[in-house]
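The block underneath contains the structure these notes are about, expressed in structure tokens.
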């Protein structure tokens with residue numbers, strides 16, 4: 001069984017609130033969460049590779065998102 005960090009009552013209230021929202025409101029929340037997670041991932045990559053340019057950091061984010069392994073050496 002999956003462990004939850006939310007009580008059943010809090011989960012019920014959260015679900016009720018989400019069901020009362022419009023599709024547009026739920027999409028805005030999803031976009032904000034996506035943007036937040038992207039910024040967090042970029043910050044982590046920058047902290048691990050402070051010498052990298054902004055372009056290299058963004059490229060690594062895309063690689064992590066879409067490729068299972070690091071790119072071969074020598075690729076731009």
Q: Search region 44-71 for residues that are more than 19 Å from residue 34 (Cβ to Cβ) and pair each with any residue that is exposed (fewer than 14 other Cβ atoms within 10 Å of the Cβ) and at pLDDT 95 or above when their beta-carbon atoms are under 9 Å apart and the residues are at least 6 apart or on different chains.
A: 56/49
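Residue 73 - would you say it is over 17 Å from the mean Cα position of the chain (by Cα) and at pLDDT below 90?
Numbers: over 17 Å from the mean Cα position of the chain (by Cα): yes; at pLDDT below 90: yes.
For residue 73, the condition - over 17 Å from the mean Cα position of the chain (by Cα) and at pLDDT below 90 - is met.
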Q.
Residue under question is residue 27, and the condition is that it be modelled with pLDDT of 95 or more and exposed (fewer than 12 other Cβ atoms within 10 Å of the Cβ); does it hold?
A. yes
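The values are calculated or read from the model by the stated rules, or taken from the named source; none is laboratory data. The structure presented is a predicted model; accordingly, all values stated were derived computationally and were not measured. Reconstructed Cβ throughout: ideal geometry from the backbone, glycine too, with neighbour counts over all protein chains shown.
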